[in-house]
Amino acid sequence: MKSQVIALGLAIGVLAPAHAATPVAANSHPLLVMAQAMVPPTGMNDAAKPMPMQERMLRRFPQPVRVGDLIGLRVLDDDDSTIGFVRQVVRTPQGNIELVVSYSRWFGWFGRPVAVPIEVVAILGRQLASVDMPPSEYAAAPTWQGQGATVLPADDTIRVALGRR
């Protein structure tokens, strides 16, 4: 269906009379008029002034999600490889929410638990993307011990940022 719509659009563009086209400057190409550059929001990729994680999460339009729905979801890296699976959602003594992810280099199987701040992940349907924490940081993270953390019940609701690929 998508290819049929594209073919129809190309056919109309080819068969359209030349006088119906929008006037364009003599030295520019008509296709260049339609191009648009996408610039990331200010501060997102500025190495000199990194944006705080909480502010980055808020720019990703966090949505309410039931804690029980997060349990068992895959955590993916930038190449859509599985880093691990969410085992628990906890609240630290400082009040931060963290995901306990079973990290492993072998598709998330037989992994050790690692605490991942909720601000560094984004939800992509029935999986989570690790957008601000590369796999090397998972490998370097200490094994989660759970000292002082409170496990959130499955019927609680937290906010998770939206992601897209």
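The values are calculated or read from the model by the stated rules, or taken from the named source; none is laboratory data. Since the structure is predicted, the reported quantities are computational estimates derived from the model, not experimental observations. Cβ placement follows ideal geometry from the backbone for every residue including glycine, while neighbour counts extend to all protein chains displayed.
Quick look at the numbers
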| read-out | value |
| --- | --- |
| Positions within region 95-130 being without any contact (Cβ under 8 Å) to a residue 40 or more places away in the chain and within 20 Å of Met51 (Cβ to Cβ), in sequence order | Asn96 |
| Residue within region 102-114 that is of a type in the set (S, T, N, Q) and within 18 Å of the chain's Cα centre (by Cα) present | no |
| Sole residue being closer than 30 Å to Phe110 by Cα, surrounded by 15 or more Cβ atoms within 10 Å (Cβ to Cβ) and at pLDDT below 90, chosen from Met57, Met51 | Met57 |
| Matching entry among Ile118, Ile123, Ile83 (being buried (at least 18 other Cβ atoms within 10 Å of the Cβ), more than 19 Å from Ala154 (Cα to Cα) and out of contact with any His (no Cβ under 7 Å at 6 or more places or on another chain)) | Ile83 |
| Enumeration of residues in region 83-111 that are at pLDDT below 90 and among the polar types (S, T, N, Q) | Ser104 |
| Strands (runs of 3 or more DSSP E) contained entirely in region 53-165, each with at least 2 residues that are of a type in the set (A, V, I, L, M) | 74-76, 82-91, 97-103, 112-117, 121-123, 127-130, 157-162 |
